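*Asks:* Could you have a look at this structure, given as structure tokens, before my questions?
Every number here is computed from the coordinates shown, using simple stated rules; none is lab data. In this text, all values refer to a predicted model and were calculated from it rather than measured experimentally. Glycine also receives a Cβ, built like all others from the backbone with ideal geometry; neighbour counts cover every protein chain displayed.
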Amino acid sequence: MGVRITTWRAWLKGVIGAGISGGAVAISTSVLAPGTFNFGEGLGNLIKAAFISAGVSIAKFLITYPLPDTDIKDPGGGQTTDH
């Protein structure tokens, strides 16, 4: 396997970043289909697309970087004991 994330803080930042990135993709759909995905009548569709896209991005992140194998007592980024 490739690079592993070894702290909870780094892993959580990755999950949040994946969600934001996925949600941002939904905004670009308003360029492709402005009648369906917009901030007016299509706001509901835009929000649904954002959640779906964010979910896919987070799932991909979790496949690539599963939960870190660190001591749960260290929520920060200090020294941890890998198991």
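*Asks:* Out of the chymotrypsin sites (Phe, Trp or Tyr not before Pro) in the stretch 1-50, which ones are loop residues according to DSSP with at most 12 other C-beta atoms within 10 Å? The partial results should precede the final answer.
*Replies:* Details: sites: TRP8, TRP11, PHE37, PHE39; in loops: PHE37, PHE39.
Answer in residue order: PHE39.
*Asks:* Within 10 Å, count the other beta carbons around each residue, average over each peptide in 18-25, 60-67, and list them highest first.
*Replies:* Working: 18-25: 16.8, 60-67: 13.2.
Final packing ranking: 18-25, 60-67.
*Asks:* How are the C-alpha pair distances of the stretch 8-64 spread across 10 Å bins, as whole percents from the shortest bin up?
*Replies:* In whole percents, the pair-distance histogram is 28, 43, 22, 8, 0.
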